[in-house]
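Each reported figure results from applying straightforward, stated rules to the coordinates on display, with no laboratory input. These numbers were taken from a predicted model, which means no experiment stands behind them. No Cβ is skipped: glycine too gets one built from the backbone with ideal geometry, and neighbour counts run over all protein chains shown.
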Amino acid sequence: MIIGVEKTRNNRPLTFGTHNGIFHCDEVIGIAILELANMNTDAYVVRTRNKDVLNGLDVVIDVGGKKYDHHQAGFDQRRSTGEKYASAGLIWRDFAEKAIKNVAIEGKMSIDDDEISVVKGQIDKEIIIFVDMEDNGKEVGTHIFSFIPSFYPAWFQDPEYDEAFMKVERIVFSIMREIIKEKIVQIATRKEIEKKCNSANDGVLEIPVQTMPWQESVVNFNETHAQKINFVIFPYPDGGWAAQCVPPSMEKKFEQRIPFPKKWAGGNEKTLPEVSGISDATFCHNGRFFVRAKTKESVLKMCKIASSELL
């Protein structure tokens with residue numbers, strides 16, 4: 001059965017093949033990776049075990065006894081770390097660079113070849129390797145794509161495996177795209193945070209939005225630099241400004257290098273101005289890791305007071 005996958009039509013359709021019947025995580029993910037690597041081309045998925053049909057397709061995975069079929073006799077291709085490949089890993093090995101570049105282009109993000117290599121390695125280590133191990137009969141517990149078999153038709157329903165395959169493949173395609181996007185964003189964030197840390201004053205780092213993922217990058221900066229970042233400040237979405245304490249390490253990410261003063265804990269816009277001496281202070285979390293005020297100048301003063309009280 002041929003299942004069309006609608007794309008922007010600008011050249012001939014590509015054909016990707018895999019086996020029919022019950023599907024598994026590795027070939028569903030492999031097909032999704034192939035789509036990501038060919039995002040601007042029409043593509044069709046052919047699910048069959050007919051060798052004559054498979055031989056006429058552009059890329060065939062998990063069936064057919066060729067390059068991307070890890071079931072063939074004598075197959076023993078392994079990573080440098082020793083883990084044996086299955087179809088998802090083989091496809092990721094050969095098509096990851098194109099997939100990552102396409103996601104970067106789609107999101108109007110820049111990424112160089114070295115950074116692509118980093119993203120490729122991270123995703124293989126964190127996700128793909130476990131999919132391969134599972135398909136090769138190793139116990140790995142649950143992983144991010146363990147939900148795929150839940151899309152099988154129920155035993156009392158018509159076995160519409162092709163329809164179910166394409167339904168879950170579209171979901172896996174979207175998840176893989178977001179995973180790649182997140183990794184690219186992390187690299188861009190790390191570079192931007194390091195640049196900002198190098199120019200920060202008085203141990204305070206300013207970031208443009210609260211949702212910028214700063215924590216790991218700032219902790220890493222502190223581990224390698226004499227000048228430490230103790231607080232991160234940002235415009236608060238509901239108005240005003242906020243400051244958050246930097247943790248001493250990622251292992252202790254719920255602790256603070258420098259907490260805000262004990263007497264501020266639980267303070268609000270009615271009580272905090274008096275106890276803090278900051279007229280427009282509006283909030284201090286009971287955990288003493290987060291404060292708010294109406295102005296940037298005030299949250300900077302709150303950070304300075306916290307630092308002074310620790311001395």
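Structure above, values below:
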quantity	calculated
Members of segment 140-174 found to be surrounded by fewer than 21 Cβ atoms within 10 Å (Cβ to Cβ) and among the charged types (D, E, K, R), listed by number	D158, E160, D162, E163, K167, R170
Top-ranked residue in segment 111-139 [being in contact with a helix residue (DSSP H, G or I) (Cβ under 7 Å, 6 or more places away or on another chain) and of a type outside the set (A, V, I, L, M, F, W, C); ranked as surrounded by the fewest Cβ atoms within 10 Å (Cβ to Cβ)]	Q122
Residues that are without any contact (Cβ under 8 Å) to a residue 24 or more places away in the chain and either part of a strand (DSSP E or B) or more than 30 Å from E223 (Cβ to Cβ) (or both), drawn from segment 251-279	K263, G266, G267, N268, E269, K270, T271, L272, P273, E274, V275, S279
Segment 8-62 - residue that is of a type in the set (S, T, N, Q) and outside any loop (DSSP other than H, G, I, E, B) and, of those, surrounded by the fewest Cβ atoms within 10 Å (Cβ to Cβ)	T15
Segment 280-296, residues that are in a strand (DSSP E or B) and more than 20 Å from V218 (Cβ to Cβ)	A281, T282, F283, C284, A293
Residue check for V291: surrounded by 18 or more Cβ atoms within 10 Å (Cβ to Cβ) and hydrophobic (A, V, I, L, M, F, W, C)	yes
